[in-house]
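To start, the structure itself, in structure tokens.
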Amino acid sequence: MTIELTQGTPLFEDRDGTIRLTGSRVPLDTVVYEFNQGATAEQIQDRFPSLSLHTIYGAIAFYLEQQAAVDDYLRGREQEAEVLQRKIESRPEMAAFRERLRQRRAQLTSSRS
């Protein structure tokens, strides 16, 4: 009897470049964040019941084996998110929307007084 010593990674990269756990829409970012906050694989599964323990442990193992590369990937994702947030918040309609919210909040506050 022989044992296969190679194992595939339970991850895939979707069209927008996000690395996700196979069979789900859960990004690797989420599992790594939970793991780094001290969550066990079982606790992660409680939060994301669509994930199997096999997949979660595989993602954690991948992270531990490729930590520097994954950390670089995660920093890149954070930078992309910041750029996108600034872009969205700079749109004129967002400024107008925020102003309407401020006015509505002021009206509610003054009507309670």
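For the reader, a short list of remarks on this structure follows.
- The packing ranking, built from the mean of other Cβ atoms within 10 Å per residue, places the peptides 44-56, 96-108, 62-74 in the order 44-56, 62-74, 96-108, highest first.
- nm² value of the averaged projected area, convex hull over the Cα atoms of the chain: 11.7
- Reduced Cα scattering model of segment 67-113, Debye log10 I(q)/I(0), q = 0.16, 0.21, 0.24, 0.27 Å⁻¹: -0.62, -0.74, -0.82, -0.89
- In sequence order, calculated HN-Hα J values of segment 88-96 (Karplus, 6.51, -1.76, 1.60; Hz; x Gly/Pro): 5, 5, 7, 5, x, 5, 6, 4, 5
- Efficiency of FRET from Cβ geometry, GLN37 and ALA68, R₀ 22 Å, rounded to 0.05: 0.65
- In nm, spacing of pseudo-spin labels at MET94 and ARG112 (7 Å Cα→C-beta vector): 2.7
- Within the chain: Cβ-based charge dipole about Cα centre, in debye rounded to nearest 20 (Lys, Arg +1; Asp, Glu -1): 1100
- Modelled spin-label separation between GLN103 and SER50, with each label point placed 7 Å from Cα along the Cα-to-Cβ direction: 4.0 nm.
- Between GLU78 and ILE3, the modelled labels are 3.8 nm apart [label points 7 Å from Cα along Cα→Cβ].
- Measuring nothing but protein heavy atoms, the accessible surface of the chain at 1.4 Å probe radius is 53 percent carbon and sulfur.
The values are calculated or read from the model by the stated rules, or taken from the named source; none is laboratory data. Just so it is clear, the structure is predicted and the values come from calculations on it, not from any experiment. Positions of Cβ are backbone-derived with ideal geometry, glycine not excepted, and every protein chain shown enters the neighbour counts. To get the accessible areas, we keep the full protein, side chains included, count just its heavy atoms, and leave off ligands, DNA and RNA. Shrake-Rupley method; radii C 1.70, N 1.55, O 1.52, S 1.80 Å.
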